[in-house]
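Let me begin by presenting the structure, written as structure tokens, before commenting on it.
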Amino acid sequence: MRTIPDLRVSFAGIELKNPVIAASGTFAYGIEFEDVVHLDRLGGFVVKGLSREPMIGNPPPRLYETAAGMLNSIGLQNIGARAFIDEKLPKLRALKDIVVVANVFGYTREDYEHTIQILNEGEGIAAYELNVSCPNTQHGGIQFGSDPRTLDEVVTTAKRFSQRPLIVKLSPNVTSIGQMAHVAQEAGADAISLVNTFVAMSIDVDTRKPRIANVTAGLSGPAIRPIAVRMVYEASKSVQIPVIGMGGISTAADVIEFMLAGASAVQVGTASYWDPRASEKIVGELGRWCSEHEVQRIAELTGGMQG
Ligand SMILES: Cc1cc2nc3c(=O)[nH]c(=O)nc-3n(C[C@H](O)[C@H](O)[C@H](O)COP(=O)(O)O)c2cc1C
């Protein structure tokens, strides 16, 4: 008789019923998906990036579908940390058995500090995910996550103020992802997640105009998956803390691939744009995949690539 596979995973002291987490920016504040998705079937979800003050984001067009992927330049539109705590969190708290991660970003170290202090007041957040892919206005616009020194500074600051486990979400737009992963770990990260989107652009050759008003945008979706798998592999080799992998996941096999490369859990982003129920469907598929492949404990697959 076949036993039911155990899909549970854990990282940074957080227990998940399965490794599938809906990714930031593609799942609103979670509650908006309540009528479409059984939120309690997901391992968890990460809410849209939150800042100290509300932000209106970039002008349209902000999205463009590419071959096997998507360009976006939403510009981190969000309702602000305070409104999240007052308006969204109470509704999320009313739901049972869900894991909510708050994604945080800023343009200065103080921004991160203040946003985290506001969020510390809210009940029902399992962890913070620090988005370091924003330009640091105090360092001439260089991304926090593309310079080891600024990455160290922002993670050290966030860790000092955070009352919850800290996941540092790395930018893939760097020369050595292993080095950045190591810097995040040494600065106090409890886990790292990767990858965020790749800086990219597209031009409409008829109008000769950029497809995205902001000109450059972030590329996500299946097009980036093999690069993301390589980066998760390299990052996991250079740290001892858990790694959460993402980039183009749309099937159970994709989840397994990231886990074999070293991920303890994964996130699903762009696939939710094509099908809002993608994450939940992947959870169902994952159970079947494990049964068929006689995997009893999915957590054992982490880092299990055969040399
Ligand atoms: C429309 C859109 C908005 C996003 N917003 C955020 C965000 O607010 N914070 C963040 O850390 N990542 C954000 N991301 C990045 C995703 O969370 C994820 O890292 C990336 O898209 C790669 O995964 P995927 O290929 O499964 O989408 C966004 C991605 C998309 C497509």
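The values are calculated or read from the model by the stated rules, or taken from the named source; none is laboratory data. Just so we're clear, the structure is a prediction, and the values are computed from it rather than from any experiment. Cβ sites come from the backbone with ideal geometry, for glycine too, and all protein chains shown count toward neighbours.
Within region 279-300, identify whether any single residue is closer than 21 Å to E34 by Cα and β-branched (V, I, T), and answer yes or no. Yes, there is a match, as at least one residue in region 279-300 is closer than 21 Å to E34 by Cα and β-branched (V, I, T).
Residues in region 85-105 include none that are polar (S, T, N, Q), under 27 Å from L16 (Cβ atoms), within 14 Å of the ligand (Cβ to nearest atom) and touching a helix residue (DSSP H, G or I) at 6+ places or on another chain (Cβ under 8 Å). If you go through region 246-258 and keep only what is crowded, with 24+ Cβ neighbours inside 10 Å, within 20 Å of E300 (Cβ to Cβ) and touching an Asp or Glu at 6+ places or on another chain (Cβ under 9 Å), you end up with I249, V255. Considering only residues that are on the phi > 0 side of the Ramachandran plot and touching a Phe, Trp or Tyr at 6+ places or on another chain (Cβ under 8 Å), which ones fall in region 255-304? Once the filter is applied, which keeps residues that are on the phi > 0 side of the Ramachandran plot and touching a Phe, Trp or Tyr at 6+ places or on another chain (Cβ under 8 Å), region 255-304 yields only G262.
Residues checked against (1) in contact with a Ser or Thr (Cβ under 8 Å, 6 or more places away or on another chain); (2) more than 25 Å from A12 (Cβ to Cβ); (3) within 10 Å of the ligand (Cβ to nearest atom); (4) part of a loop (DSSP other than H, G, I, E, B):
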residue: I256; (1), (2), (3), (4): no, no, no, no
residue: S272; (1), (2), (3), (4): yes, no, yes, no
residue: P276; (1), (2), (3), (4): no, yes, no, yes
residue: C290; (1), (2), (3), (4): no, no, no, no
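Scanning region 31-68 for residues that are in contact with a helix residue (DSSP H, G or I) (Cβ under 7 Å, 6 or more places away or on another chain), of a type outside the set (A, V, I, L, M, F, W, C) and either more than 26 Å from A126 (Cβ to Cβ) or in contact (Cβ under 8 Å) with a residue 40 or more places away in the chain (or both) yields a total of 5.
Conditions (1) in contact with a helix residue (DSSP H, G or I) (Cβ under 8 Å, 6 or more places away or on another chain); (2) acidic (D, E); (3) modelled with pLDDT of 95 or more, marked per residue:
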position	(1), (2), (3)
E234	yes, yes, yes
P242	no, no, yes
A252	yes, no, yes
M259	yes, no, yes
S264	yes, no, yes
Q267	no, no, yes
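Here region 69-105 is the region considered, the condition is being exposed (fewer than 14 other Cβ atoms within 10 Å of the Cβ) and touching a residue at least 12 places away in the same chain (Cβ under 8 Å), and the residue that is farthest from E15 (Cα to Cα) is K91. Residues that are more than 14 Å from the ligand (Cβ to nearest atom) and part of a helix (DSSP H, G or I) were ranked within region 185-229; the one that is surrounded by the fewest Cβ atoms within 10 Å (Cβ to Cβ) is E186. If the condition is being of a type in the set (V, I, T), part of a strand (DSSP E or B) and near the ligand (Cβ under 9 Å from one of its atoms), then region 22-68 contributes only V46.
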